Structures are given as C-alpha cells and as structure tokens.
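The values are calculated or read from the model by the stated rules, or taken from the named source; none is laboratory data. None of these values were measured; they are calculated from a predicted model. So basically every Cβ, Gly included, is an ideal-geometry build from the backbone, and we count neighbours across all protein chains shown. These area figures cover heavy atoms from the full protein model, side chains too; ligands, DNA and RNA do not enter into them. Shrake-Rupley method; radii C 1.70, N 1.55, O 1.52, S 1.80 Å.
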Amino acid sequence: MAETEAHRDRPTAATGSGSILVASNRGPLSFTVEDDGALSVKRGGGGLVSGLSSIEDADAVWVCAALTEGDRTAARQAPGGRLDRAGFTALPGAAGGGQNVRMLDIDPGTFARAYNGIANSTLWFVHHLLYNTPTAPNFDERFRKEWASYEAYNTAFADALAEEAAPGAAVLVQDYHLSLVPSLLRERRPDLRIGHFSHTPWAPSEYYRMLPDDVARDVLTGILGADRAAFLTRRWADAFADCCASVLGAEVRRPADGDLEVVYGGRITRLGVHGLGADADFLRERAHRADVDSRLAGLREAVGDRRVVVRVDRTELSKNIVRGLLAYRHLLRTRPEWHDRVVHVAFAYPSRHDLPEYREYTAAVQRVAQEINDEFGTESWQPLILHVQDDFPRSLAAYRLADVALVNPIRDGMNLVAKEIPVVSEGGCALVLSREAGAYAELGEDAVTVNPYDVVATAEALHTALTMPIAERTDRCKRLAAAATALPPQQWFLDQLHALA
C-alpha cells in the first residue's frame, strides 16, 4: 500500500484529546457561504448522525471531508480544520449540542478522483455487482492515478485521526470510502481500538477478484487493520471472510457462537453484524408535522379513492427502479381489473449526476414512467405519479399513504426505506421486498419476496400485495415495524462502540 515515507512504520505521538472518534466521508455539518460572506451551518441527517447523538462525551470528535465551498471555507478558517462545537453551534442555522468536528480540506482533484473514480465508480460497482463485464471495468493508467488519490485521501484521514485521538481511544471508521484507514491508522497509533463498518454489501469472492490483485489485497488488509470489522448482515460478513480466505489466504474461524474471526499477518480481526434499524420516534413525530400534512393532502387529492403503491429511492443503479416500473406496467397490461383502481407513487431522487451512468439511468426512469402514463392514463386517472425533486416531507407523506411498498433493489446493504414505510404507514402496508436487500434478513418472513430481475414475478407480487386481506396486511405491517426498529441508530452505534471494549 503506497504512502508517504515520512509516515511508514513510524508511530504518531498521542497528542489529541478525543476518546471517541468517528470517521466518514460526509460529516454531521454542511456549511454555506451567505451573500454577505458569513457562514451558516446546517445539521446533517441520517442514521450515523442520529447514532452519534447518543454519545455524551464532550471530547468526541467526528473527522470528515469538506464537501462544499462553504465546508472548505469553514475548515480553512478553523485552526487545523478543527471546529469545536462551542464555536459552530453559535452559527446561524446550527442545532444545539453536537460533537467536535475535524473537517479535512483535501485537494479537490484528489478528492474527486478518490470519491468518484474509486469509491463510487469502482468499489461501489464491485460490491453491488453493477459492471457490464464485456466492456467494463478497464483498470488502466487513469485508474492507477485514481487509486493513488484514494490512497492519499485515506492517508489524510489516518493522519487526522492519529492527531485527534487520545491514548487508547476508540475509533469507528465508516464505509467503503475509507477502507484503507484502519491499517494506516494502526501503523501510526497501535494503542487505539479501531473498528470499521461497511454500509454496503460485500461482493462474493469470485466477483471481488475482478479488482487488480494488489488493490484487492490492499482493501482487505486495510480493513483488517481494525480490531473489529462490522457489517449490516451476516451474509455480507461471510462474503468478506470468503474474500480474505481466497485473496489473502487468511484463516477464517467460524465459532458456533460469537463473532467470526479472520487471522492474518499475526493479528485477529473480529467480524460483527449490526443491522441498522429505523428511528421510530423521529419518523413518527416528523411524519405528522404540518408540512407533511400539507403534502399528504395533495397526494390524496391526486390519488383519489384508489390503492397506492409507493417507492422512494435515489436514482441509484442498484435500486432497480426501471424494472420496478416495468413490473407495474406488466401488472396493468395483464390485470385490467386494476385500471383506475391503483396509483403508483414513485419518488426517484437524482443521485451522483456527475457520473454519466447515473444521468442516463435517471433519464430512463423518466422515459418509462411517461410511457406508462401514455399507455394507460385517462382524463380522470394518472396511473403513475413520478417526482424527481428531493422532498423529505413529501416522502413521509407517501409513507403514510402507502398500501403497498415496493423495494426491489438488485443488491443493497440494508435499505432503510423498507424499514421506514411500515413504521409510518397509517393503514398498514404490504411490503414487496427483494431477496437481495440486506433488510430481507430481518423482514423477509413478513414481506412478499421477489427476485429483483424477474419483472413478471414482481408484477404478480404487486397483485398479491394489493389483494392481501386487510387484517393480514395490518398484522404483517405491525411485525415488520417491530423488526425494523429493533436496533435504532443510537443503539446501533453504541453496540459497535461497546464491542470494541
């Protein structure tokens, strides 16, 4: 693994005060430069931010990358990029409380190559099995430049964490963006307790070996620098262990009870599983605010007295939106009894539009949606309502309205939408769920399961869900909601922290 000679095998002195540290590409704050040049700040959302809020430690530090010009300005103005919470919580738009944030002002070119070239166009594609292999990938000179940037990006995080951590601190490194960090940090600070969490699936070994041999090894040994590597499901943990065995020749211990263990290079890395759940209290409270009520009224007016199939996704290739729309079209073609009796509410929010594959996919979603409305729509019935502008209150309104939730990814680490809709649905919804979603491990028993590639079978699953007796649908939804909220974000985070003890 390439790194600067200045840091190779040379421990960093423990000078920081952080006893608990989190590292992730996206942090808990987003800064904006206002017209008058002043900075304002907005608190981020998501499970990771909610999870960290459970830590009552004034010295906790979150290390992240500066993503916007406002972020870069904030990082440059702060000594060493360190935004102490006493300072940023006083800025306009800031929420109270929070953690100290170390925001890394990484060279924009290095960041773009690491983030778009490696994290999102290579590692994401490998773990989600997205390559059209007759033509891609091509690991050429451009890839090698991108890989060098990925190494530099990970090195910047390792250096910052080494500086911020107090002796014996616990460090939780998040996701595929930072797969090299555990090993780099271990070299600098062998005294630390290090964990890594993968929020994506993990590729089966035969697909993972598509990566160049040295890169495949470096990603695995990078994560194995952690004391504990954790995953959303046992399936992804098993796949990681299989890759360690086949690529590195590592020993994998599979005890009947307890964590898997990977033995490599004289160290043991334990593998854990933490199935991130929905934040029930937040969702139920947020879903009944005035802005959601207003959007719900608009959706009800548009839908009328009809059954509602809901999906909410980013236009991410793995989410399988196009096949979901084709399944809905097949339902309408083969079961005319549903004409004028059902509406598909589909929210497909643009994602990663700096990559051409994603722009093309969003265009395909819009094209198929228009074809469905052109084929079946009448003056009084619009069979499909598609929105591509992100609107969280509108998503929650659709959750409340759902009779059926369609979640059919071709591969997904977890898929929190599958967990959130049953929590919020007012009438009790039936869940049509891909067996390739991580959420299937917890929700599959009460869902209508589909092979995400089978359009015809998915159409039949939609019919099954739409005709499910109300009592059965309600009972299933209650069980789905209970399973979905079994490990809320705060406990999910604390469980990982305690497992490092």
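Can you tell me which residue among Arg267, Arg284, Arg289, Arg311 is closer than 24 Å to Leu497 by Cβ and of a type in the set (D, E, K, R)?
Arg267
Does region 472-482 contain at least one residue that is at pLDDT 95 or above, surrounded by 19 or more Cβ atoms within 10 Å (Cβ to Cβ), out of contact with any helix residue (DSSP H, G or I) (no Cβ under 7 Å at 6 or more places or on another chain) and within 25 Å of Leu283 (Cβ to Cβ)?
Yes, region 472-482 has at least one match.
Could you list, in sequence order, all residues of region 65-81 that are open to solvent by less than 50 Å² (accessible area, probe 1.4 Å), assigned to a helix (DSSP H, G or I) and either in contact with a strand residue (DSSP E or B) (Cβ under 7 Å, 6 or more places away or on another chain) or at positive phi (or both)?
Correct list: Gly70, Asp71, Thr73, Ala74, Ala75, Gly81.
When you look at Thr464, is it open to solvent by less than 10 Å² (accessible area, probe 1.4 Å), part of a helix (DSSP H, G or I) and polar (S, T, N, Q), yes or no?
no
Mind checking whether some residue in region 417-425 is within 25 Å of Val292 (Cα to Cα), basic (Lys, Arg) and touching an Asp or Glu at 6+ places or on another chain (Cβ under 9 Å)?
Yes, region 417-425 has at least one match.
Quick check on Ser179: is it open to solvent by less than 10 Å² (accessible area, probe 1.4 Å), touching an Asp or Glu at 6+ places or on another chain (Cβ under 9 Å) and closer than 22 Å to Phe231 by Cβ? Spell out the reasoning first.
On the way: open to solvent by less than 10 Å² (accessible area, probe 1.4 Å): yes; touching an Asp or Glu at 6+ places or on another chain (Cβ under 9 Å): yes; closer than 22 Å to Phe231 by Cβ: yes.
Considered against the rule, which asks whether it is open to solvent by less than 10 Å² (accessible area, probe 1.4 Å), touching an Asp or Glu at 6+ places or on another chain (Cβ under 9 Å) and closer than 22 Å to Phe231 by Cβ, Ser179 comes out as yes.
Among the residues of region 266-297, how many are assigned to a helix (DSSP H, G or I), over 30 Å from Gly195 (Cβ atoms) and open to solvent by 40 Å² or more (accessible area, probe 1.4 Å)? Outline the logic, then answer.
Keep residues of region 266-297 that are assigned to a helix (DSSP H, G or I), which gives 280-286, 290-297.
Checking which are over 30 Å from Gly195 (Cβ atoms) leaves us with 284-285, 290-297.
Pick out the ones that are also open to solvent by 40 Å² or more (accessible area, probe 1.4 Å) and you get 284-285, 290-291, 293-295, 297.
Going through region 266-297 one residue at a time, the tally reaches 8.
Looking at region 119-143, which of its residues are within 17 Å of Arg209 (Cβ to Cβ) and open to solvent by less than 20 Å² (accessible area, probe 1.4 Å)?
Thr122, Leu123, Phe125, Val126, His127, His128, Phe143
Out of Ile55, Ile106, I need the residue that is at pLDDT 90 or above and open to solvent by less than 50 Å² (accessible area, probe 1.4 Å). Which one?
Ile106
Would you mind listing the helices (runs of 4 or more DSSP H) fully within region 302-419 where at least 2 residues are buried (at least 23 other Cβ atoms within 10 Å of the Cβ) and touching a residue at least 12 places away in the same chain (Cβ under 8 Å)?
Helices (runs of 4 or more DSSP H) meeting the threshold: 321-334, 392-401.
What pairs can you find where one residue is in region 456-468 and more than 13 Å from Arg333 (Cα to Cα), the other is hydroxyl-bearing (Ser, Thr, Tyr) and open to solvent by 10 Å² or more (accessible area, probe 1.4 Å), and their Cβ atoms are less than 9 Å apart, with a gap of 6+ or different chains?
Note: pairs meeting the criteria are Ala461/Thr449.
Since Gly222 meets every condition but one in (1) closer than 29 Å to Glu163 by Cα; (2) touching a residue at least 60 places away in the same chain (Cβ under 8 Å); (3) surrounded by fewer than 21 Cβ atoms within 10 Å (Cβ to Cβ); (4) not β-branched (Val, Ile, Thr), which condition does it not meet?
Result: Gly222 passes all but (3).
Just need a number here: residues in region 448-492 that are aliphatic (A, V, I, L, M) and more than 26 Å from His339 (Cβ to Cβ).
8
Just one of the numbered conditions (1) under 30 Å from Leu192 (Cβ atoms); (2) in contact with a strand residue (DSSP E or B) (Cβ under 7 Å, 6 or more places away or on another chain); (3) of a type outside the set (Val, Ile, Thr) is not true of Leu462; which one?
(1)
Among the residues of region 427-443, count how many are open to solvent by 10 Å² or more (accessible area, probe 1.4 Å) and at pLDDT 95 or above.
The number of residues fulfilling the criteria is 5.
Evaluate the following for Ser434: is it among the hydroxyl-bearing types (Ser, Thr, Tyr), within 20 Å of the chain's Cα centre (by Cα) and closer than 30 Å to Arg113 by Cα?
For Ser434, the condition - among the hydroxyl-bearing types (Ser, Thr, Tyr), within 20 Å of the chain's Cα centre (by Cα) and closer than 30 Å to Arg113 by Cα - is not met.
Would you be able to tell me the number of residues in region 433-449 that are touching a residue at least 60 places away in the same chain (Cβ under 8 Å) and within 23 Å of Arg335 (Cβ to Cβ)?
Going through region 433-449 one residue at a time, the tally reaches 1.
Check region 349-372 and report whether any residue there is of a type in the set (Gly, Ala, Ser) and touching a Lys or Arg at 6+ places or on another chain (Cβ under 9 Å).
For region 349-372, residues of a type in the set (Gly, Ala, Ser) and touching a Lys or Arg at 6+ places or on another chain (Cβ under 9 Å): present.
Go through (1) under 30 Å from Val49 (Cα atoms); (2) in contact with a Pro (Cβ under 8 Å, 6 or more places away or on another chain) and name the single condition Arg323 misses.
Single failed check for Arg323: (1).
Which residues, taken from region 1-35, are at pLDDT 85 or above and part of a loop (DSSP other than H, G, I, E, B)?
Those that are at pLDDT 85 or above and part of a loop (DSSP other than H, G, I, E, B): Ser24, Asn25, Arg26, Gly27, Pro28, Glu34.
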